[in-house]
């Protein structure tokens, strides 16, 4: 019984045989194309890509064996089945040669109509099954690729664009998607073959809830459903569709907004296509949830981090102070970078430090060190004693943890400044168009008992000092000394530094770009005439 119409190329140089074979095929409901020679047959195979070739072995130009070999040797046509037929080459050796050279079946004349029809249907059945398997394998490979791309997307717009472009490419249909990121603004993207380029479109806030009400309701799970063209045009008046929409809507957990993914249902989707659409929708929903969780956790981490840092920096007559804190671009956890500015009578304490690691523990230790530092200067201001206290706090209460800290104590009126450094990048001293790093300090905190040296120097009017954590300059593919020199050369542009510290700090952050680690920096200048 004929399952569906196929295009069959019949190749034979005998008019009577050509007519008889074609008639049998047409009677079975197939579309027939004819050729009388081997070269003509190869041309039509490449142009038409028939579903089946019925091929005589003896042809006037090249043999049917050679025609079959060339069809099977071309990757574009190799999957097309070939039935060889002959009234002369009928020995077992002839049949073996035909099959060895690529034929899928071999018939010796005289052939009965029923036998011929059954062989054709069996060959086509295998061919169609192979086509479906190859198509499905290709779709699954593309599905894996699209899923990986979705999971690596860094923004919701990138994620949705990747999903809709992949859906349009895999299913070869006009595709669209809707989702609601944490910012509360519904995103809508569409893509259309053959370009498959995602285009952002406007979506009303109620669109996603209405689509959910049509299918999934408020439940969690996945639902594949059909939206009629009329309903879709009511939801999306700007849409350009040629029929109904096959859609999947997913909600991973109760209370979360759903994610929608759909394609135009012309022609109707088969079971395999519906399954691919469902898997794409589920992968998209999981990727949206993962990115939403990352964004929310990152926001919480930033809020926590900022809550542990000074709310404001005190105004100090005689000093202009600028500071920056920039969290790591890809790190959800809080870090241990910190800065502090405290007025101590007529002097000012400026500190910067970095507790090892990115974790809640690192942030907690950072907060403890800040509070210990504040407590250490309530009475006398002794940088060496303060640093020793911080070291003892770390060793006693957080063994195994380390931190780098640099402390400056400056008198804005006289410019006298003390420096104590526990393993931190030395402060950069900028004066008279030149910049140099102060000498290295003592051992970092938390390693061993240490006596911390206090250096004394003078900051003249108009001179500046820059302190920063290593997150600003650390790169996996660059030496630390090279990055330190970049900072120094930037700071030597005295006319820019003197013009505006804020501008300089912004330029410094911009020069190194997005960082893998947190960055804290404090810069101050001793003003003239104070």
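The one condition from (1) touching a residue at least 24 places away in the same chain (Cβ under 8 Å); (2) crowded, with 20+ Cβ neighbours inside 10 Å that residue 104 does not meet is (1). Checking each residue in the range 166-190 for being touching a strand residue (DSSP E or B) at 6+ places or on another chain (Cβ under 7 Å), surrounded by 20 or more Cβ atoms within 10 Å (Cβ to Cβ) and within 26 Å of residue 295 (Cα to Cα) picks out 167, 176, 177, 178, 179, 187, 188, 189, 190.
The rows are residues; the columns are (1) surrounded by 14 or more Cβ atoms within 10 Å (Cβ to Cβ); (2) not assigned by TED's automatic domain parsing to the domain that holds residue 111; (3) not in a loop (DSSP other than H, G, I, E, B).
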site	(1), (2), (3)
13	yes, no, no
17	yes, no, yes
24	yes, no, yes
40	yes, no, yes
47	no, no, yes
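Residue-wise test of (1) under 22 Å from residue 57 (Cβ atoms); (2) within 47 Å of the chain's Cα centre (by Cα); (3) modelled with pLDDT under 85; (4) not in a helix (DSSP H, G or I).
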residue	(1), (2), (3), (4)
93	yes, no, no, no
96	yes, no, no, no
102	yes, yes, no, yes
107	yes, no, no, yes
116	yes, no, no, no
123	yes, yes, no, no
126	yes, yes, no, no
134	no, yes, yes, no
145	no, yes, no, no
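Put simply, of 403, 351, 363 the only residue that is more than 21 Å from residue 443 (Cα to Cα), crowded, with 20+ Cβ neighbours inside 10 Å, touching a strand residue (DSSP E or B) at 6+ places or on another chain (Cβ under 9 Å) and assigned by TED's automatic domain parsing to the domain that holds residue 521 is 363.
Touching a helix residue (DSSP H, G or I) at 6+ places or on another chain (Cβ under 6 Å) and either at pLDDT 90 or above or under 30 Å from residue 154 (Cβ atoms) (or both): does that describe residue 486? Please lay out each step first, then the result.
Numbers: touching a helix residue (DSSP H, G or I) at 6+ places or on another chain (Cβ under 6 Å): no; either at pLDDT 90 or above or under 30 Å from residue 154 (Cβ atoms) (or both): yes.
In short, no.
So in the range 213-245, with the set limited to residues that are within 29 Å of the chain's Cα centre (by Cα) and under 17 Å from residue 190 (Cβ atoms), which one is surrounded by the most Cβ atoms within 10 Å (Cβ to Cβ)? Selected residue: 245.
Hey, could you check the range 147-181 for residues that are under 18 Å from the mean Cα position of the chain (by Cα) and not in a helix (DSSP H, G or I) and say which is modelled with the lowest pLDDT? Residue satisfying both the conditions and the ranking: 154.
In the range 501-516 there is no residue that is more than 30 Å from residue 395 (Cβ to Cβ), in the same structural domain as residue 397 (by TED's automatic domain parsing), modelled with pLDDT of 90 or more and over 41 Å from the mean Cα position of the chain (by Cα).
Criterion first (assigned by TED's automatic domain parsing to the domain that holds residue 365, within 19 Å of residue 349 (Cα to Cα), under 43 Å from the mean Cα position of the chain (by Cα) and modelled with pLDDT of 90 or more) does residue 410 satisfy it? Spell out the reasoning first.
Working: assigned by TED's automatic domain parsing to the domain that holds residue 365: yes; within 19 Å of residue 349 (Cα to Cα): yes; under 43 Å from the mean Cα position of the chain (by Cα): no; modelled with pLDDT of 90 or more: yes.
Considered against the rule, which asks whether it is assigned by TED's automatic domain parsing to the domain that holds residue 365, within 19 Å of residue 349 (Cα to Cα), under 43 Å from the mean Cα position of the chain (by Cα) and modelled with pLDDT of 90 or more, residue 410 comes out as no.
Do we have residue 425 as under 29 Å from residue 529 (Cβ atoms) and in contact with a strand residue (DSSP E or B) (Cβ under 9 Å, 6 or more places away or on another chain) here? Spelling it out, it is not the case that residue 425 is under 29 Å from residue 529 (Cβ atoms) and in contact with a strand residue (DSSP E or B) (Cβ under 9 Å, 6 or more places away or on another chain). Could you go through the range 437-457 and let me know if any residue there is crowded, with 21+ Cβ neighbours inside 10 Å, assigned by TED's automatic domain parsing to the domain that holds residue 356 and under 19 Å from residue 320 (Cα atoms). Checking the range 437-457: not a single residue is crowded, with 21+ Cβ neighbours inside 10 Å, assigned by TED's automatic domain parsing to the domain that holds residue 356 and under 19 Å from residue 320 (Cα atoms).
The values are calculated or read from the model by the stated rules, or taken from the named source; none is laboratory data. Everything quoted here is computed from the prediction, not taken from an experiment. Positions of Cβ are generated from backbone atoms using ideal geometry, with glycine treated the same way; all protein chains shown enter the neighbour counts.
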